[in-house]
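K.L.:
Here it is: the structure, laid out below.
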Amino acid sequence: TNYLKNQAIRSAVLHLVIDMLPTSGKVVIIGHSLGSVIAADVLMRLSPDLEVFGVITIGSPLGHGSFDVADLKKSLKEPPAHLGWWVNFWNPNDPVAAHRGLSSVFPWMLDRRIQARNIAIAHNAATYLADPVVGEAIGYGLFGSKSREIVHVNNFVDTPINTAEHLALLALRFSYLVETRLDNEVRTKYRGAR
């Protein structure tokens, strides 16, 4: 109620979240429950230089009429230009999610229903996160792929060399080529240059 009705609290929360985000690059936003409402609110205020690779919401009340903060439903009628994708996970036993997904309000979003049999914990974030499909979506958002292959990354230090080091490397290369590529007579002639 405080976030929805108290402008000072809402403003403080938005500033806190936005100040923690980079101003450019790529991010993935994940929000549970009221966090999904805050995520949608933040999404509309981000720098155009910040690409939102994806948004994952779980147990979102955004489909409920009383959570239309600052006309979010009107603002999100079309997907924001800097947003890659949005997937919402909902549970039919979750009263906070209004027992439905978000695609009824935002047709461009992807809804995925998960099933938690225990109604007492239907809204619990751990219940959503225990579903393998939710984990896959988060993994894809963070790593951009579902591949399990190990990618070898070079671990050497790549530092620029200065002019003296560059000349020393050229001299060593010259010396190596003289020693390995020239026959005896010519090699003897160029040994002095080494």
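The values are calculated or read from the model by the stated rules, or taken from the named source; none is laboratory data. In this text, all values refer to a predicted model and were calculated from it rather than measured experimentally. With ideal geometry, Cβ positions are generated from the backbone for all residues, glycine too; neighbour counts draw on all protein chains shown. We work out accessible area using only protein heavy atoms, side chains counted, and drop any ligands, DNA or RNA first. Shrake-Rupley method; radii C 1.70, N 1.55, O 1.52, S 1.80 Å.
K.L.:
Any chance the stretch 75-87 includes a residue that's in contact with a helix residue (DSSP H, G or I) (Cβ under 6 Å, 6 or more places away or on another chain) and under 15 Å from residue 128 (Cα atoms)?
P.N.:
Yes - at least one qualifying residue is present in the stretch 75-87.
K.L.:
Confirm whether residue 157 is in contact with a Phe, Trp or Tyr (Cβ under 7 Å, 6 or more places away or on another chain), β-branched (Val, Ile, Thr), more than 30 Å from residue 52 (Cβ to Cβ) and modelled with pLDDT under 85. First the steps, then the outcome.
P.N.:
Working: in contact with a Phe, Trp or Tyr (Cβ under 7 Å, 6 or more places away or on another chain): no; β-branched (Val, Ile, Thr): yes; more than 30 Å from residue 52 (Cβ to Cβ): yes; modelled with pLDDT under 85: yes.
Criteria not met by residue 157.
K.L.:
Report whether or not residue 16 is at pLDDT 90 or above and out of contact with any helix residue (DSSP H, G or I) (no Cβ under 8 Å at 6 or more places or on another chain). Before the answer, list the steps.
P.N.:
Working: at pLDDT 90 or above: yes; out of contact with any helix residue (DSSP H, G or I) (no Cβ under 8 Å at 6 or more places or on another chain): yes.
Yes.
K.L.:
Here is a follow-up. Residue under question is residue 103, and the condition is that it be among the small types (Gly, Ala, Ser), modelled with pLDDT of 85 or more and not in a helix (DSSP H, G or I); does it hold? Even if it seems obvious, please write down each step before you answer.
P.N.:
Numbers: among the small types (Gly, Ala, Ser): yes; modelled with pLDDT of 85 or more: yes; not in a helix (DSSP H, G or I): yes.
In short, yes.
K.L.:
State yes or no: is residue 114 touching a strand residue (DSSP E or B) at 6+ places or on another chain (Cβ under 6 Å) and over 22 Å from residue 42 (Cβ atoms)? Steps first, answer last, please.
P.N.:
Numbers: touching a strand residue (DSSP E or B) at 6+ places or on another chain (Cβ under 6 Å): yes; over 22 Å from residue 42 (Cβ atoms): yes.
Considered against the rule, which asks whether it is touching a strand residue (DSSP E or B) at 6+ places or on another chain (Cβ under 6 Å) and over 22 Å from residue 42 (Cβ atoms), residue 114 comes out as yes.
K.L.:
What number of residues within the stretch 24-50 are open to solvent by less than 20 Å² (accessible area, probe 1.4 Å), touching a helix residue (DSSP H, G or I) at 6+ places or on another chain (Cβ under 7 Å) and part of a helix (DSSP H, G or I)?
P.N.:
So the answer is 4.
K.L.:
Still on this model: Condition (residue is hydroxyl-bearing (Ser, Thr, Tyr), in a helix (DSSP H, G or I) and either at pLDDT 90 or above or surrounded by 10 or more Cβ atoms within 10 Å (Cβ to Cβ) (or both)) applied to the stretch 132-151: is it met by at least one residue? Steps first, answer last, please.
P.N.:
Of the stretch 132-151, the ones hydroxyl-bearing (Ser, Thr, Tyr) are 140, 145, 147.
From what is left, the residues that are in a helix (DSSP H, G or I) are 140.
Those still in the list that are either at pLDDT 90 or above or surrounded by 10 or more Cβ atoms within 10 Å (Cβ to Cβ) (or both) too: 140.
Yes, the conditions are met somewhere in the stretch 132-151.
K.L.:
Looking at 50, 21, 34, which is the one that is of a type in the set (A, V, I, L, M) and over 20 Å from residue 85 (Cβ atoms)? Give the derivation first.
P.N.:
Details: 50 fails: over 20 Å from residue 85 (Cβ atoms); 21 fails: over 20 Å from residue 85 (Cβ atoms).
When all the criteria are applied, what remains is 34.
K.L.:
Considering only the stretch 84-98, state which residues are in contact with a strand residue (DSSP E or B) (Cβ under 8 Å, 6 or more places away or on another chain), open to solvent by 20 Å² or more (accessible area, probe 1.4 Å) and not aromatic (Phe, Trp, Tyr).
P.N.:
Just the residues of the stretch 84-98 that are in contact with a strand residue (DSSP E or B) (Cβ under 8 Å, 6 or more places away or on another chain), to begin with: 84-92, 97.
Cutting the leftovers down to open to solvent by 20 Å² or more (accessible area, probe 1.4 Å) gives us 84-85, 90, 92.
Within the stretch 84-98, 84, 92 meet the criteria.
K.L.:
Among the residues of the stretch 7-23, count how many are open to solvent by less than 70 Å² (accessible area, probe 1.4 Å) and in contact (Cβ under 8 Å) with a residue 12 or more places away in the chain.
P.N.:
Result for the stretch 7-23: 7.
K.L.:
Give the residues of the stretch 112-131 that are touching a Ser or Thr at 6+ places or on another chain (Cβ under 9 Å), open to solvent by less than 70 Å² (accessible area, probe 1.4 Å) and either assigned to a helix (DSSP H, G or I) or at pLDDT 85 or above (or both), sorted by residue number.
P.N.:
Let us first name the residues in the stretch 112-131 that are touching a Ser or Thr at 6+ places or on another chain (Cβ under 9 Å), namely 114, 116, 118, 121, 123, 125.
Of the ones still in play, those that are also open to solvent by less than 70 Å² (accessible area, probe 1.4 Å) are 114, 116, 123, 125.
Result: 114, 123, 125.
K.L.:
Moving to a separate point now. Do the conditions hold for residue 78, that is, is it under 23 Å from the mean Cα position of the chain (by Cα) and in a loop (DSSP other than H, G, I, E, B)? Walk me through how you get there before you give the answer.
P.N.:
Numbers: under 23 Å from the mean Cα position of the chain (by Cα): yes; in a loop (DSSP other than H, G, I, E, B): yes.
Considered against the rule, which asks whether it is under 23 Å from the mean Cα position of the chain (by Cα) and in a loop (DSSP other than H, G, I, E, B), residue 78 comes out as yes.
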